[in-house]
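Structure first, then comments.
The values are calculated or read from the model by the stated rules, or taken from the named source; none is laboratory data. On a predicted model such as this, the values are computed, not experimentally measured, just so you know. Using ideal geometry, Cβ is built from the backbone for each residue, glycine included, and neighbour counts are taken over all protein chains shown. Only protein heavy atoms, including side chains, enter the accessible area calculation; ligands, DNA and RNA are left aside. Shrake-Rupley method; radii C 1.70, N 1.55, O 1.52, S 1.80 Å.
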Amino acid sequence: MRRSFIAGTGMYVPERVVTNHDLEQMMDTSDEWIRERSGIAERHFADAGIGPSDLAVRASRQAVENAGITLDDVDFLIFATLSPERYFPGSGVYLQRKLGIQGIGALDVRNQCTGFVYALSVADQFIKTEMYDTILVVGAEVHSAGLNFSTPGRDVAVLFGDGAGAVVLQPSPDPDRGILSTHLHADGDYAEELCVEAPTTLERPWLTKEMVEEGRIYPTMNGRQVFKHASTKFPQVIVESLEANHLSVEDLDMLIPHQANYRITQMVAKKLRLTEDQYMSNIHKYGNTTAASIPIALHEAVEEQRIEKNDLVSLAAFGSGFTWAAALLRW
Ligand SMILES: CC(C)(COP(=O)(O)OP(=O)(O)OC[C@H]1O[C@@H](n2cnc3c(N)ncnc32)[C@H](O)[C@@H]1OP(=O)(O)O)[C@@H](O)C(=O)NCCC(=O)NCCS
């Protein structure tokens with residue numbers, strides 16, 4: 001069976017930078033609290049009228065260019081986001097229209113922070129089974145539209161940022177290089193620990209003025225539960241992917257973890273005994289960009305030449321659901 005590989009990467013973040021000091025003007029928080037708890041110094045926010053598909057257009061064009069192909073070569077696209085421009089249709093069709101590649105299939109993935117790894121795994125299966133040859137896999141978020149920037153929302157609002165990342169997946173020209181395996185997990189027992197309650201089809205009408213006034217339209221998070229589970233599941237799924245390929249942590253050249261929180265990344269690095277040059281962290285610049293964080297960090301790692309040909313690279317994520325996943329690649 002043929003293997004798939006990442007032929008090109010791209011990213012885009014909106015121009016507007018929002019620092020922790022800017023957030024201090026909106027809610028009772030401090031630069032010190034945010035840095036200490038999360039490692040975040042600033043994030044980028046999109047202006048009203050800009051949706052995740054607009055950010056994804058820029059990231060996708062760059063990924064296509066870096067892959068040395070044209071948009072006409074793309075025969076399928078997968079879009080991971082938890083902040084789509086509309087409840088339906090999904091962001092995939094908006095991206096497709098904006099790229100001018102109407103007609104090809106467009107799939108939307110709703111797996112929050114793990115969305116990109118789930119999307120990559122789906123794309124990998126399509127390439128392996130020869131259903132498609134060139135798949136655009138995108139993660140993009142506009143969180144700034146859906147956060148509570150007053151003090152009651154501060155535990156969540158300070159963590160997230162907007163952005164997009166994209167990769168082009170194609171059959172690998174070298175059977176020893178590319179995606180070695182992907183590993184997907186979820187545990188719905190924890191569905192309410194990080195979620196947005198409303199609008200909801202469980203109630204009639206599905207969106208009310210009260211829901212808005214009571215703040216039920218904003219994400220709620222049990223931060224400690226998320227932290228506890230993330231620091232266990234991240235290392236577990238990374239080791240699972242290594243063992244599945246008869247490899248060990250010592251073989252790992254670069255870990256690109258979902259940028260949830262610098263403290264979580266540090267905890268994972270400590271548990272796996274990784275040195276600083278073995279993992280990517282860019283959360284200080286972008287905050288947590290959910291489905292976009294891995295392709296953004298991957299693009300930066302490639303640009304900074306922190307990943308070289310034949311390196312063993314792990315992409316791993318944990319998030320709402322709870323969901324967690326990893327992909328192991330020979331670059
Ligand atoms: C959210 C998180 C940073 C909170 O850190 P923590 O050490 O657990 O902090 P606590 O929840 O104990 O809160 C400590 C205090 O800070 C306050 N606080 C919360 N958010 C704050 C903010 N933005 N600024 C200032 N104070 C804040 C709390 O209200 C609490 O005050 P209290 O003691 O008077 O009640 C931490 O739980 C975490 O990192 N969780 C994982 C989050 C994550 O990665 N989410 C994304 C998953 S993909």
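Scan the range 159-173 for residues that are within 16 Å of the ligand (Cβ to nearest atom) and outside any loop (DSSP other than H, G, I, E, B) and the total you get is 3. Every condition in (1) within 20 Å of P295 (Cα to Cα); (2) touching a residue at least 12 places away in the same chain (Cβ under 8 Å) holds for T70 except the one numbered (2). Of the set (1) within 14 Å of the ligand (Cβ to nearest atom); (2) touching a strand residue (DSSP E or B) at 6+ places or on another chain (Cβ under 6 Å); (3) farther than 28 Å from D133 by Cα, all apply to W33 but (2). Mind checking which residues of the range 232-246 are of a type outside the set (A, V, I, L, M) and more than 16 Å from the chain's Cα centre (by Cα)? Within the range 232-246, T232, K233, P235, Q236, E240, S241, E243, N245, H246 qualify. If you go through the range 137-158 and pick out every residue that is within 14 Å of the ligand (Cβ to nearest atom), open to solvent by 20 Å² or more (accessible area, probe 1.4 Å) and under 14 Å from V212 (Cα atoms), you end up with 4. Total residues in the range 14-35 satisfying the condition of being closer than 20 Å to V142 by Cβ, open to solvent by less than 50 Å² (accessible area, probe 1.4 Å) and outside any helix (DSSP H, G or I): the figure is 4. G68 passes every criterion in (1) crowded, with 16+ Cβ neighbours inside 10 Å; (2) more than 16 Å from the ligand (Cβ to nearest atom); (3) at positive phi apart from (1).
Going through (1) over 20 Å from A260 (Cβ atoms); (2) among the hydroxyl-bearing types (S, T, Y); (3) within 14 Å of the ligand (Cβ to nearest atom) one by one, T200 falls short only on (3). Can you tell me which residues in the range 192-220 are open to solvent by less than 40 Å² (accessible area, probe 1.4 Å) and within 18 Å of W324 (Cα to Cα)? Hits for the range 192-220 are L194, C195.
The combined condition, being away from the ligand (no atom under 16 Å from the Cβ), among the charged types (D, E, K, R), outside any loop (DSSP other than H, G, I, E, B) and modelled with pLDDT of 95 or more, is fulfilled by D124. Residues of the range 36-50 that are in contact (Cβ under 8 Å) with a residue 40 or more places away in the chain and either in a loop (DSSP other than H, G, I, E, B) or within 16 Å of the ligand (Cβ to nearest atom) (or both): R37, S38, G39, I40, A41, E42, R43, F45, A46, A48, I50.
For the range 274-331, how many residues are open to solvent by 10 Å² or more (accessible area, probe 1.4 Å), hydrophobic (A, V, I, L, M, F, W, C) and touching a residue at least 40 places away in the same chain (Cβ under 8 Å)? So the answer is 4.
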